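*Asks:* First the structure, which I've put down as C-alpha cells, then a few questions once you've had a look.
The values are calculated or read from the model by the stated rules, or taken from the named source; none is laboratory data. All values derive from a computational prediction rather than experimental measurement. Here the Cβ is made from the backbone with ideal geometry for all residues, glycine too, and neighbour counts use every protein chain on show.
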Amino acid sequence: MSERSRVRALIGRYDPEGLLAIGAPADEYDPEAGDLLVLVHGTARITPEAVSRVWLRWFGGSAWPESRPDQVAALAAELEAMRRSCGG
C-alpha cells in the first residue's frame, strides 16, 4: 500500500466531514491526504494542531477539529508514527 493510500485510509477511518458515508468516492480526501503526507515527509513532529491547520485549510468551516479532538489527536499520532518510520 502506498503512503498516500495509507494516509487516505487513516482519514477514511474517521470520515471527518461525513462525505464517505453519503457516497463520496474513496479519493474524496486526496487533497488533504497530500498535505498530510507532506507532514509525514517533514522533520517536525506531527501534532494535533498541525493536523487541524491542514484540515481547516481545506474545510474552513469544519467543526471536526474542535468537536472531535480525540480523533484529531489519534490521526496526528498515527501520522507521527508514519513519519518516524520513514526516518523523519
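*Asks:* Counting only residues that are touching a Lys or Arg at 6+ places or on another chain (Cβ under 9 Å), give me the helices (runs of 4 or more DSSP H) lying completely in the range 13-77 with at least 3 of them.
*Replies:* 30-40
*Asks:* Scan the range 13-35 residue by residue and report those that are under 16 Å from Arg68 (Cβ atoms) and buried (at least 16 other Cβ atoms within 10 Å of the Cβ).
*Replies:* Tyr14, Asp15, Pro16, Glu17, Leu20, Tyr29, Glu32, listed by residue number.
*Asks:* Let me ask another. Mind checking which pairs have a first residue in the range 75-88 that is at pLDDT 95 or above and a second that is of a type in the set (S, T, N, Q), Cβ under 9 Å, 6 or more apart or different chains?
*Replies:* Once the first residue is at pLDDT 95 or above and sits in the range 75-88, its partners that are of a type in the set (S, T, N, Q) give Ala76/Thr47; Ala76/Ser52; Glu80/Thr47; Arg83/Thr43.
*Asks:* Quick one: would you say Arg84 is of a type in the set (Lys, Arg) and either surrounded by 16 or more Cβ atoms within 10 Å (Cβ to Cβ) or not in a helix (DSSP H, G or I) (or both)?
*Replies:* Here the answer is no, as Arg84 does not meet what is asked.
*Asks:* With the structure loaded, tell me whether Ser67 is over 24 Å from Ser2 (Cβ atoms), polar (S, T, N, Q) and loosely packed, with under 12 Cβ neighbours inside 10 Å or whether it fails that test.
*Replies:* yes
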